[in-house]
Amino acid sequence: MNATATSATSGAAGAKAGGVPGPSRDPSIDEGLALGLSRLTPERTEKTIRDFLSGEVGARLSTYLDTCVHCGLCAEACHYYLSHDNDPSYSPVGKVSQTWWEIMKRGGRVDPQFIGQAARIAYTECNLCRRCSMYCPFGIDIAYLVGLIRRLCFKLGVTPKYLQDTANSHSATLNQMWVREDEWIDSLQWQEDEARDEVPGLRIPLEKEGAEIMYSVIGPEPKFRTQLIYQAAVIMHAAGVDWTMPATPGWDNSDMAMYSGDYELMGRLKRAHFETARRLKVKRIVMGECGHAFRSVHDVGNRWLGWRDRPTPVIHAVQFYHELLSSGRISIAKKYDEAVTFHDPCNIVRGMGLHEMGREVARALVPDLVEMHPNREHNYCCCAGGGVINCGPPFRNTRVEGNRIKAEQLAATGVKTVIAPCHNCHGGLEDIIHHYKLDMKIKFLGDLIYECMDKPWEEQDAGETA
Ligand code: SF4
Ligand code: SF4
């Protein structure tokens with residue numbers, strides 16, 4: 001380990017010494033888990049497990065459980081295990097042995113205390129990042145097994161409060177941030193006004209039927225990251241894209257229901273998203289820089305609905321930017337002023353293989369791309385994904401201390417900027433950078449494109465001023 005990486009690690013120790021409590025493994029610190037557990041009876045628990053095993057899961061679960069030879073080769077794939085000094089209870093197989101193996105051994109007769117521990121493991125100690133599957137000689141999908149524990153806990157009514165609140169907001173308002181319809185439109189018009197100060201004549205088209213592209217974002221963008229909508233509008237304008245955003249619910253492509261285990265709600269949300277695109281008769285959906293939303297819209301939600309294919313083609317922002325750059329629809333006027341490293345988000349890299357495309361976009365923008373190690377599909381997760389960051393403050397320390405290995409990986413690059421084309425990764429890396437006192441900042445690809453692209457209107461302005 002180099003000197004910088006050592007200081008990253010000692011930063012963690014310092015944080016503890018400074019009085020910040022370490023990770024809690026007591027599920028009762030979370031109001032939602034505690035309330036759900038207080039309502040469980042042995043009869044209800046056993047019946048729910050029995051119904052679940054006979055009605056919802058089948059050969060895939062038993063094949064995985066029967067195939068595992070307990071070799072432990074998956075252990076070192078997991079950032080929680082590595083970051084907790086190889087504590088086997090954080091290993092992928094350890095998570096399965098503490099949950100499914102016990103449930104099967106006890107014939108489903110488990111008590112609330114057991115369910116509480118299973119919920120804690122499934123929701124807060126696994127990002128469903130799927131790195132471990134790559135190291136299992138049999139390709140056992142441990143994220144699938146952990147996801148099934150979440151689904152079971154959801155059916156038992158035992159879910160973390162913050163995660164459940166987010167899913168409830170999405171259920172009630174069709175966006176996870178409880179943004180009212182008028183607030184949504186107002187936020188878009190506000191960003192249009194702001195951007196028109198920079199780019200005369202720019203529009204954020206709303207409800208444009210038959211547009212080439214519907215651009216969709218996650219719920220937090222109009223609340224906390226409106227600059228991303230601004231930047232997207234400038235990029236679309238510069239590229240001359242025929243695009244629109246919906247004015248109605250259905251614009252939020254995020255999905256905490258997928259992670260809470262509420263698949264019925266996940267299906268309803270994906271249906272609303274695709275129905276919005278169909279109503280607008282757009283040719284494609286372009287999604288902003290979010291990984292979990294892409295997993296939900298592109299892969300999981302539509303398949304859970306039983307659709308043969310996506311009703312409207314969907315691409316991620318990385319693919320879209322790549323298209324705009326390689327076709328010459330936007331050109332780059334200058335390079336970003338320093339070397340950067342590139343974080344591979346699990347959902348668009350292990351899930352979709354966009355690692356080279358992401359790098360090609362980044363290389364067009366930066367003077368030097370320094371790889372972190374391991375990288376591409378072997379990269380370590382940000383530890384925010386899988387809904388873990390959405391489990392909120394009670395489990396913050398579980399998350400940041402569960403990814404000391406990421407802090408070491410970032411520090412070892414020696415650069416001060418990391419690109420992460422995913423919202424969850426931004427949240428996770430921000431916390432890790434802060435907790436381990438790394439001198440780094442995080443950027444979206446869109447931030448750099450906006451900063452570095454050719455803006456013909458600026459030359460025009462300069463000409464007029466001269
Ligand atoms: S966090 Fe990732 S590597 Fe660890 S057990 Fe979960 S899916 Fe596997
Ligand atoms: S590597 Fe595969 S077979 Fe070995 S313990 Fe892990 S899940 Fe089981």
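The values are calculated or read from the model by the stated rules, or taken from the named source; none is laboratory data. Keep in mind it's a predicted model, so treat the numbers as computed, not measured. So basically every Cβ, Gly included, is an ideal-geometry build from the backbone, and we count neighbours across all protein chains shown. Surface areas here come from the heavy atoms of the whole protein model, side chains and all, with no ligands, DNA or RNA. Shrake-Rupley method; radii C 1.70, N 1.55, O 1.52, S 1.80 Å.
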> Given the conditions (1) more than 21 Å from the chain's Cα centre (by Cα); (2) within 25 Å of Met236 (Cα to Cα); (3) not polar (S, T, N, Q), which single one is not true for Pro345?
Replying inline: (1)
>> All but one of (1) under 21 Å from the mean Cα position of the chain (by Cα); (2) farther than 24 Å from Met266 by Cβ; (3) within 12 Å of ligand 2 (Cβ to nearest atom); (4) not basic (Lys, Arg) hold for Ser83; state the number of the condition that does not hold.
In response: (3)
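Is it the case that region 64-81 has a residue that's over 27 Å from Pro137 (Cβ atoms) and open to solvent by less than 50 Å² (accessible area, probe 1.4 Å)?
We begin by selecting, within region 64-81, every residue over 27 Å from Pro137 (Cβ atoms); these are none.
No: region 64-81 contains no residue that is over 27 Å from Pro137 (Cβ atoms) and open to solvent by less than 50 Å² (accessible area, probe 1.4 Å).
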> Applying the selection to region 168-207, what residues are within 30 Å of Ala238 (Cα to Cα), among the β-branched types (Val, Ile, Thr) and assigned to a helix (DSSP H, G or I)?
Replying inline: Ile185
>> Within region 71-167, considering only helices (runs of 4 or more DSSP H) that don't extend past its boundaries, which have at least 2 residues that are in contact with a Lys or Arg (Cβ under 9 Å, 6 or more places away or on another chain) and under 28 Å from Asn379 (Cα atoms)?
In response: 79-83, 112-124, 142-155
>> For region 114-144, give me the residue count where each residue is in contact with a Pro (Cβ under 9 Å, 6 or more places away or on another chain), open to solvent by 10 Å² or more (accessible area, probe 1.4 Å) and more than 15 Å from ligand 1 (Cβ to nearest atom).
In response: 1
>> Please go through (1) open to solvent by 20 Å² or more (accessible area, probe 1.4 Å); (2) in contact with a helix residue (DSSP H, G or I) (Cβ under 9 Å, 6 or more places away or on another chain); (3) not basic (Lys, Arg) for Ile204 and return the number of the only condition it doesn't satisfy.
In response: (1)
> Here are His298, His292: which of them is in a helix (DSSP H, G or I) and either free of Cβ contacts under 8 Å to residues at least 60 places away in the same chain or closer than 15 Å to Tyr215 by Cβ (or both)?
Replying inline: His298
> Counting only residues that are open to solvent by less than 10 Å² (accessible area, probe 1.4 Å) and hydroxyl-bearing (Ser, Thr, Tyr), which one in region 91-113 is farthest from Arg131 (Cα to Cα)?
Replying inline: Thr99
> What do you reckon, is Arg44 of a type in the set (Lys, Arg), over 30 Å from the mean Cα position of the chain (by Cα) and away from ligand 2 (no atom under 16 Å from the Cβ)?
Replying inline: yes
> Restricting attention to region 162-191, which residues are open to solvent by 20 Å² or more (accessible area, probe 1.4 Å), touching a residue at least 12 places away in the same chain (Cβ under 8 Å) and over 24 Å from the mean Cα position of the chain (by Cα)?
Replying inline: Glu181, Glu183, Ile185, Gln189, Trp190
> Mind checking which residues of region 248-270 are under 15 Å from Tyr123 (Cβ atoms), small (Gly, Ala, Ser) and assigned to a helix (DSSP H, G or I)?
Replying inline: Ala257, Ser260
>> Against the definition (within 19 Å of Met352 (Cβ to Cβ) and surrounded by 24 or more Cβ atoms within 10 Å (Cβ to Cβ)), how does Ala407 come out, yes or no?
In response: no
> Which residues, taken from region 392-404, are touching a Phe, Trp or Tyr at 6+ places or on another chain (Cβ under 9 Å) and surrounded by fewer than 20 Cβ atoms within 10 Å (Cβ to Cβ)?
Replying inline: Gly392, Pro393
> Is region 75-82 home to any residue that is within 12 Å of ligand 1 (Cβ to nearest atom), of a type in the set (Phe, Trp, Tyr) and in contact (Cβ under 8 Å) with a residue 12 or more places away in the chain?
Replying inline: yes
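Asn375: closer than 17 Å to Asp255 by Cα and open to solvent by less than 40 Å² (accessible area, probe 1.4 Å), yes or no?
Values: closer than 17 Å to Asp255 by Cα: no; open to solvent by less than 40 Å² (accessible area, probe 1.4 Å): yes.
So Asn375 does not fit the description; no.
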>> Can you tell me how many residues within region 307-328 are among the charged types (D, E, K, R) and surrounded by 14 or more Cβ atoms within 10 Å (Cβ to Cβ)?
In response: 2
> Pro220: surrounded by fewer than 21 Cβ atoms within 10 Å (Cβ to Cβ) and under 30 Å from Lys155 (Cα atoms), yes or no?
Replying inline: yes
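In region 145-167, what count of residues is obtained for those that are touching a Cys at 6+ places or on another chain (Cβ under 8 Å) and more than 9 Å from ligand 1 (Cβ to nearest atom)?
Of the residues in region 145-167, 4 are touching a Cys at 6+ places or on another chain (Cβ under 8 Å) and more than 9 Å from ligand 1 (Cβ to nearest atom).
Name the residues in region 65-82 that are of a type outside the set (A, V, I, L, M, F, W, C) and farther than 18 Å from Ala122 by Cβ, would you?
Kept after step one, since they are of a type outside the set (A, V, I, L, M, F, W, C), are these residues of region 65-82: 66-67, 70, 72, 76, 79-81.
Across region 65-82, the qualifying residues are Asp66, Thr67, His70, Gly72, Glu76.
So that you can scan it fast, the table gives a plain yes or no per residue for (1) buried (at least 17 other Cβ atoms within 10 Å of the Cβ); (2) more than 25 Å from Asn379 (Cβ to Cβ):
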position: Ser296; (1), (2): yes, no
position: Gly301; (1), (2): yes, no
position: Ser331; (1), (2): no, yes
position: Lys335; (1), (2): no, no
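Consider Ile405 carefully, then state whether it is under 23 Å from the mean Cα position of the chain (by Cα) and under 23 Å from Tyr321 (Cβ atoms).
On the way: under 23 Å from the mean Cα position of the chain (by Cα): yes; under 23 Å from Tyr321 (Cβ atoms): no.
Taking the combined requirement at face value, the residue does not satisfy it.
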>> Just the residues that are open to solvent by 20 Å² or more (accessible area, probe 1.4 Å) and farther than 30 Å from Gly387 by Cβ, please, taken from region 228-256.
In response: His237, Ala238, Gly240, Asp242
